[in-house]
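These notes concern the structure reproduced below.
The values are calculated or read from the model by the stated rules, or taken from the named source; none is laboratory data. Since the structure is predicted, the reported quantities are computational estimates derived from the model, not experimental observations. Here the Cβ positions follow ideal geometry from the backbone for every residue, glycine too, while neighbour counts run over all protein chains shown.
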Amino acid sequence: MAKPRVGWIGTGVIGGSCARRLLEAQYPLVVTTRTRAKAERLVDSGAIWAPTAAEVAAQSDVVFSCVGYPRDVRDVFFGEQGILSEWSKTSASSDRVFVDMSTSSPELAIEIADAASNAGFDALDAPVSGGDVGARNGSLSIMIGGDADVVRRITPVLLCLGTNIRHAGAPGAGQRTKLANQILIAGAMVGVCESLLYAYKAGLDLENVLASVSTGAAGSWSLSNYGPRILTNDFNPGFYVEHFVKDMGLALEDAQKLNLSLPGLALVRELYVALMAQGGARKGVQALIQALARISNVDAFHD
């Protein structure tokens, strides 16, 4: 069978690497992103540029989006030049699928799925975890909300991007699974940063500490992937601080609707908000150690 034509919207840290993997797998690819310069390497490698989401949709069977905020997702789908404006024009849209890989609002995911169904096509919420490394290596975890048959239909495409592809349930369930993931990461990141800050202040060899604890009960993905970056003062983004603050806010907002208190998450979010106030919004999440160092007047962990 011929490979479906794929559209990709958003070529940032995660989206750009995912789009490249689809090109390498020889999927016909149409791309758009807010700043065209960020897509030039993809275009040079064979992707077709389109100036709007609607024009991506006009040339695609499956459209992925990987953008920053729920407002961006809403504009990509419902905007004047969005997916819905194009695919609602034709009855030939029945086999078309919109897949949002952004971390966004569960309520928005449900709204999009309903609107897509009414227009005669399908929509999935499929946020990912694994950061820049997972996107480059095609080893992302993909958490999917929506119809199980639609998930099976596009699984060959998803296998180019991830190794842990899970159907979470109805529309919105993918987003809620991702928010559960972000709650775990919040706790892990403050643990990694406080541990290394303590080890530094105690005068320990940080490389030896990392080697000692990373394979025991304290080992984690965050420790193994972000710990070495902290030791070399590498605070470049695999995942932006400002996007993590957004994700934690979404989780707290949804938890409130569930009448659920998450005090640990609320505390970690406030620490990251402090890091943003110190100019760290576009740094990687491992830069939390800088905010914690400033609180204790520790002169270390500089850019």
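Some notes on this structure:
- For the stretch 122-176, residues that are touching a residue at least 40 places away in the same chain (Cβ under 8 Å), β-branched (Val, Ile, Thr) and under 24 Å from residue 76 (Cα atoms) total 5.
- Selection count, the stretch 1-16, where residues are at pLDDT 95 or above and farther than 22 Å from residue 54 by Cα: 0
- Residue in the stretch 216-223 that is part of a helix (DSSP H, G or I) and of a type in the set (Gly, Ala, Ser) present: yes
- Listed by position, the strands (runs of 3 or more DSSP E) inside the stretch 69-172 whose residues that are polar (S, T, N, Q) number at least 1 are 140-145, 162-169.
- Qualifying positions in the stretch 21-44 - without any contact (Cβ under 8 Å) to a residue 60 or more places away in the chain and touching a strand residue (DSSP E or B) at 6+ places or on another chain (Cβ under 9 Å): 23, 28, 29, 30, 31, 32, 33, 36, 39, 40, 42, 43
- Condition broken by residue 276, with the remaining ones in (1) in contact (Cβ under 8 Å) with a residue 12 or more places away in the chain; (2) not in a helix (DSSP H, G or I) satisfied: (2)
- Near pairs, Cβ below 7 angstrom, 6+ apart or cross-chain, from the stretch 218-244 (in contact (Cβ under 8 Å) with a residue 40 or more places away in the chain) to any residue that is surrounded by 15 or more Cβ atoms within 10 Å (Cβ to Cβ) and of a type in the set (D, E, K, R): 235/283; 237/283; 238/132; 241/283
- Residue 136, sole failed condition from (1) crowded, with 17+ Cβ neighbours inside 10 Å; (2) touching a strand residue (DSSP E or B) at 6+ places or on another chain (Cβ under 7 Å); (3) closer than 26 Å to residue 6 by Cα: (2)
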